[in-house]
Each structure stands twice: as structure tokens, then as C-alpha cells.
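The structure appears below as C-alpha cells.
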Amino acid sequence: MDVHSHAPQLDHAFTITIGLAGLKWVRPSDMGDVRAAIYAESGTVEGPRLNGRVIPMSGGDFPLQRPNGVIDFDARYLLEADDGAVIYLQNRGYRWARSSDIAELMGRNMSVSPGDYYMRVIPRFDAPDGPHAWMGRHVFVGVGEKLPHANRIHYFMVL
């Protein structure tokens with residue numbers, strides 16, 4: 001069997017740029033790791049398949065930072081499409097720096113090159129029936145960029 005004939009194709013669906021605010025820490029959590037909470041302050045959704053905004057303060061990310069430096073994302077917030085439809089988004093994924101120097105810069109919200117870290121998410125969407133129902137019928141992969149006080153995630157639909 002030729003596995004390459006079954007390799008998935010990716011199609012860019014949209015990009016979300018999300019401003020983050022209100023960072024709080026649980027240090028250490030009862031699991032021994034560090035838990036954070038940071039809120040979705042604002043944001044935009046732009047792309048060939050969806051445009052709109054992040055509904056301000058509709059949720060946030062509650063990541064767990066492991067002792068090995070891996071950040072385990074658990075983000076949930078609401079999007080509003082240009083047509084007024086409200087869409088629930090849940091992201092799970094990981095971010096880690098390729099060196100301790102890069103991790104330190106990222107921890108101080110400094111800019112670093114995208115090749116200096118790994119940031120990937122698997123989103124799930126709950127969208128109303130109608131023009132956005134396709135979001136709940138496909139698998140997506142998100143490739144993230146860490147910006148000072150923000151994240152930008154490029155979402156690709158798996159075909």
C-alpha cells in the first residue's frame with residue numbers, strides 16, 4: 001500500500017490574532033506544575049473561509065507549564081463571524097522553546113523567531129447550523145506564532 005496516496009492535504013482556512021491580558025498563576029499547582037490563566041482580551045479572524053472577531057473576554061487559555069518547559073494549552077473562547085454567528089472554539093496543543101535562552105525570552109514576552117519554538121494546536125469548533133457548519137465537520141491543525149502579549153494562529157483544514 002502506498003501511504004503517500006493517503007497523506008492529508010492542508011488548506012488555510014483563517015488566521016486568528018488574539019490579544020491576551022490578565023495573566024494569573026497557580027504556583028505550583030497541586031499536580032506540581034505551574035498553571036496559568038490568561039484571558040482573550042480582543043482579536044481578529046481573517047481568512048479565505050472565515051472573517052470576524054474574537055468576542056472580548058469570552059474566555060481564555062488555562063495552560064499547564066510542565067517542569068520540562070512544555071506548555072500544554074487549554075484555550076476556550078468565542079468568535080463572532082462577520083455575519084453575526086457566534087462560534088465556540090477550544091484549542092488543545094503544545095508550545096516549547098528549542099533552547100533555555102529562547103524560553104527565557106518568551107517568558108518575558110520578547111519577540112523570537114518562529115523557528116526557535118514549536119507551537120501547534122488542534123482546535124474544535126461548535127458552530128451554528130448554516131454557513132459555518134463546515135467547521136464542526138472537519139479536522140483542523142493550527143500553527144501558532146507567539147507575539148508580545150498576543151498569539152497568532154494559522155488554522156489549516158485537513159482535506
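May I ask you to derive the FRET efficiency for Asp30 and Arg137 from their Cβ-Cβ distance with R0 = 41 Å, giving the value to the nearest 0.05? Efficiency at R0 = 41 Å is approximately 0.60.
Structural descriptor for the chain: relative contact order 22 percent, calculated from alpha carbon pairs under 8 angstrom and at least 6 residues apart.
In terms of packing, defined here as the mean over residues of other Cβ atoms within 10 angstrom, the peptides 36-43, 20-27 line up highest first as 36-43, 20-27.
Consider a paramagnetic label point 7 Å from the Cα of Ile122 along Cα→Cβ; state which residues of region 30-62 have an amide N under 20 Å from it. From region 30-62, the list is 61-62. Prolate is the label for region 118-159, because the ratio a/c of its alpha-carbon gyration tensor axes (a ≥ b ≥ c) is 1.5 or higher and a/b is greater than b/c.
With Cα Rg over 2.2 N^0.38 Å in mind, check [x] 1.48; [y] 1.15; [z] 1.09 and report the label derived from this structure. Recomputing Cα Rg over 2.2 N^0.38 Å here picks out [z]. The amide H of Gly47, built 1.01 Å from its N in the peptide plane, has Thr15 as neighbours under 5 Å, considering only residues 5 or more places off or on other chains. The label point for Asp83 and the one for Gln9, both projected 7 Å from the Cα toward the Cβ, are 2.4 nm apart.
Distance from the Cα centroid of region 76-138 to that of region 1-39 is 5 Å (rounded to whole angstrom).
Highest-first packing order for the peptide set 73-79, 48-54, 6-12 is 73-79, 48-54, 6-12, based on the mean count of other beta carbon atoms within 10 Å.
Where a number appears in this text, it was derived from the coordinates with a stated rule and is not lab data. Predicted model only: the values in this text are computed from it and were never measured. Backbone-built Cβ (ideal geometry, glycine too); neighbour counts: all protein chains shown.
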